[in-house]
Structure formats: structure tokens, C-alpha cells
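Here's the structure, in C-alpha cells; my notes come after.
No lab work stands behind these numbers, since they all come straight from the coordinates. Here the structure is a predicted model, which is why all the values come from computation and not from measurement. Cβ: placed from backbone, ideal geometry, glycine included. Neighbour counts: every protein chain shown.
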Amino acid sequence: MRETHKGSCLCGTVQFEIQATFKKFFFCHCSHCRKGTGSAHGSNLFAFDADFTCSAGEEAIKSYNVPSSRHRRSFCESCGSPVPTYDRENSFIVVPAGSLDTPVSAEPTAHIFMGSKANWDEKLEDVTKFDELPK
């Protein structure tokens, strides 16, 4: 079922709306996703029936293709936040889940590229948790 989602970058320059049916929701641990997010993994939603529109900041969206790979990353040129990468010709979209401002009903499908995860990405569920920045 197609859902409508709104999202934005960290600084608010890029604001967008997506209508799509998310088919996959992967936590990707490959080195490209780790570098692109600065985190343990990328959290990306995939759809093959997407309509994507920018209500603001479309000119601020820049993309980078990792040479000799299919990895492409789109981001706001002002704040560097990841934003959706949209293939308009094929209605295909990859959406960084954290860029969405609306709740996501899709549940994660899988952790992928676990063979190249960071050496510190172990037992993270056991690490002490705080609701806010600890004092």
C-alpha cells in the first residue's frame, strides 16, 4: 500500500514528500554506508513505485557516486544530511529512514553486509542507555 511521507534535512533547506510502498528496510553495514552516515550502519527504505517531490531546496540536493560501485549517496549541500536518492526514470527511491519527519510503518527487513561491519559493532544492545545526554 502506498503511503505518503514528508521529510527534511537537518537544516530544513531540503523539504520533500514521498508517495511509495516501501518493500525493503535494510540496516546496511557496508563500509560505504558506514562512511556516509558516520555510524554503525545506514538505515534505508527502498521503494519501486515512488513519486518524489521537493517543496523546498531541490537545488541544494547533491549526489556522490562511489567509483566502481552502485553506491550513490544524496545529501543537502548546506548541512550534509542524507536525503533520498531518486531515480525518476524507474520510480525507484532509496530513503534514509532518519530523514523522514513522519512515522514509518515498515519494519526493518534485515541487517545486510554484516561481513564488513565495524569491529566495535558488537553487543550494542547491551550498552548503557540514557533518554538524554548523560550529565
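Observations on the model:
- Computed from phi, the 3J(HN,Hα) profile of region 75-89 under the Karplus parametrisation 6.51, -1.76, 1.60 (θ = phi - 60°) reads 7, 6, 5, 7, 10, x, 4, x, 10, x, 9, 10, 9, 4, 4 Hz, with x in place of Gly and Pro.
- Projected onto planes of every orientation and averaged, the convex hull of the alpha-carbon atoms in the chain covers 9.7 nm².
- Our summary gives the chain a relative contact order of 29 percent, counting only alpha carbon pairs under 8 angstrom and 6 or more residues apart.
- Put simply, the amide H of Leu10, placed in the peptide plane, has neighbours under 5 Å in Ser81, leaving out anything fewer than 5 places away on its chain.
- Normalising the average separation of contacting C-alpha pairs (under 8 angstrom, six or more residues apart) by the number of residues puts the relative contact order of region 3-48 at 34 percent.
- Residue-by-residue Karplus 3J(HN,Hα) for region 117-122, coefficients 6.51, -1.76, 1.60, Hz, glycine and proline x: 5, 5, 5, 8, 8, 9
- Residue separation of Glu132 and Ser78 scaled by 0.36 nm, minus their Cα-Cα distance, works out to 16.8 nm of gained length.
- Euclidean distance between Cα centres, region 103-135 to region 1-51, Å: 16
- Leading residue at positive end of dipole, the chain (Cβ point charges), from Ile93, Trp120, Ser63: Trp120
- Placing dummy labels 7 Å off each Cα toward the beta-carbon, the span from Ser68 to Ser31 is 1.1 nm.
- Cross-link pairs Lys62/Lys123; Lys23/Lys117; Lys62/Lys135; Lys6/Lys62; Lys35/Lys129; Lys24/Lys135 - those with Cα-Cα distance over 30 Å: Lys62/Lys123; Lys62/Lys135; Lys24/Lys135
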